[in-house]
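The values are calculated or read from the model by the stated rules, or taken from the named source; none is laboratory data. Given the structure is predicted, the values throughout are model-derived calculations rather than measurements. Glycine also receives a Cβ, built like all others from the backbone with ideal geometry; neighbour counts cover every protein chain displayed.
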Amino acid sequence: MALAPKGLAPGSRIGILGGGQLGRMIALAAAPLGYRCHIYAPENDPPAAQVSERCTRADYTDIAALQAFAAEVDVVTYEFENIPVEPVAALAQLIPVRPGVDALRITQDRLFEKDFANRHDAPTAPYHAVTSLADLQAAIAKLGLPLILKTRRMGYDGKGQVRIDSAEQAEAAFKQLGSDLLIAEGFIPFEREISVVLARGLDGAIASWGPVENIHRHHILWRSHAPAALDAALMDEANAMAQRLAEGLHYVGVLAVEMFVLPPQTKGRRILVNELAPRVHNSGHWTMDAALTSQFEQHVRAICGLPLGSTERLADAVMENLIGDEVDAWPSLLAEPKTKLHLYGKAEARPGRKMGHVTRLYPLGQRPAS
Ligand code: AMP
């Protein structure tokens, strides 16, 4: 089905690379707009396939399977960023892939990502590329201690990173990460962590839900408080920074930008970019229940060439992830007033695994302190 100026017609098919809960929630949001979803994932019984019309089970590097997939759908998106770039680039020769391949290439690599952010007036922690122990020693001399050594690629939920407090720890830290594609970052004494989730449409329009505050436990997002408790100037700065990044990437779809907020006594900029996610994001889940348009609907609108919806917040909200066996509390969570439960359909509640989330709603201006 051709992409008409008004966007993809209802009945068109959206292909989603990745079968996790993000793909599941995209598919659930696509249905009321009349779209059908086709999941492409290597796993058995991916959560997204439970709510989608079709599923191809194949590896991300299987070019023949990707070509067959492309022939069956009208637009392709991805729900996680660690897909190999080359097959996605090949797919993009056949069919629109949104967000584009450049967004994937840049956000897959912490070094490319930081170079990109700094070029777009979105400052980050000071950093130094590390491919050897000698580089790491140079990084310590340049950035000081403590610092955080991270793998450039495939890191998530705190995996692939180690904090270095003394020069003696350098060698062990370097060996522990088991890669020579690393980045050392100066340690940021942040006051809080926030993220901006926004969408950019095919026509270049941008709509943001504004900064939310994120609280992590064991390196995994635990709670997002919407809105963040920041003064208006910092809210505007965070939004403007995220917008510059979306524009610089010629982005189409939902983009999340994770940021650090430095304490008030900081000299210089108080907001630093930590990480970009070229996809719908856990810190945007609250929008399903507390905003006029959810991040999932907005992503579908953007990639299908429809106008973006209003991001107006209808209530304040605290989203809480249900990790591992926390999901067993679902009966009591369902009994809470003004609480919405979302389960991801995963069979096994392994430790650290995101099984679902709840969003607790509060009247505007009355969300509890973080
Ligand atoms: P990341 O995987 O880069 O998002 O890092 C996971 C978490 O580690 C962040 O949410 C922060 O809490 C912490 N962290 C990462 N980088 C830094 C840094 N440069 N300084 C201080 N804390 C950091």
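Going through the range 265-277 one residue at a time, which ones are away from the ligand (no atom under 14 Å from the Cβ) and either touching a residue at least 60 places away in the same chain (Cβ under 8 Å) or not assigned by TED's automatic domain parsing to the domain that holds Ala228 (or both)?
Residues of the range 265-277 away from the ligand (no atom under 14 Å from the Cβ): 265, 267-270.
Once the filter is applied, which keeps residues that are away from the ligand (no atom under 14 Å from the Cβ) and either touching a residue at least 60 places away in the same chain (Cβ under 8 Å) or not assigned by TED's automatic domain parsing to the domain that holds Ala228 (or both), the range 265-277 yields only Arg269.
Pairing each residue of the range 185-197 that is within 7 Å of the ligand (Cβ to nearest atom) with any residue that is of a type in the set (Gly, Ala, Ser), provided the two are 6+ apart or on different chains, yields C-beta distances under 7 Å for Glu185/Ala125; Gly186/Ala125; Gly186/Gly144; Ile188/Ala125.
If the condition is being surrounded by fewer than 24 Cβ atoms within 10 Å (Cβ to Cβ), within 16 Å of the ligand (Cβ to nearest atom) and more than 29 Å from Val327 (Cβ to Cβ), then the range 245-264 contributes Phe260, Val261, Leu262, Pro263. Against the criterion of being within 16 Å of the ligand (Cβ to nearest atom), within 24 Å of Pro307 (Cβ to Cβ) and part of a strand (DSSP E or B), Ala207 does not qualify.
Of all residues in the range 210-220, those satisfying the criterion of being closer than 15 Å to Phe260 by Cα and within 16 Å of the ligand (Cβ to nearest atom) are Pro211, Val212, Glu213, Asn214, Ile215, His216, His219.
Within the range 233-244, can one find any residue that is touching a Ser or Thr at 6+ places or on another chain (Cβ under 9 Å), modelled with pLDDT of 95 or more, within 20 Å of Gln108 (Cβ to Cβ) and more than 16 Å from the ligand (Cβ to nearest atom)? Explain how you work it out, then say what you get.
In the first step, residues of the range 233-244 are kept if they are touching a Ser or Thr at 6+ places or on another chain (Cβ under 9 Å); the result is 238-239, 242-243.
Filter once more, keeping what is modelled with pLDDT of 95 or more: 238-239, 242-243.
Keeping just the survivors that are within 20 Å of Gln108 (Cβ to Cβ) gives 242.
Pick out the ones that are also more than 16 Å from the ligand (Cβ to nearest atom) and you get none.
No: zero hits.
Note on the range 214-243: residues that are under 17 Å from the mean Cα position of the chain (by Cα) and either more than 21 Å from Leu22 (Cβ to Cβ) or in the same structural domain as Arg163 (by TED's automatic domain parsing) (or both) total 4.
Being basic (Lys, Arg), part of a loop (DSSP other than H, G, I, E, B), within 16 Å of the ligand (Cβ to nearest atom) and under 21 Å from Gly356 (Cα atoms) is a property that Arg223 lacks.
When Asp165 is tested against (1) away from the ligand (no atom under 13 Å from the Cβ); (2) without any contact (Cβ under 8 Å) to a residue 40 or more places away in the chain; (3) surrounded by fewer than 17 Cβ atoms within 10 Å (Cβ to Cβ), exactly one condition is not met: (1).
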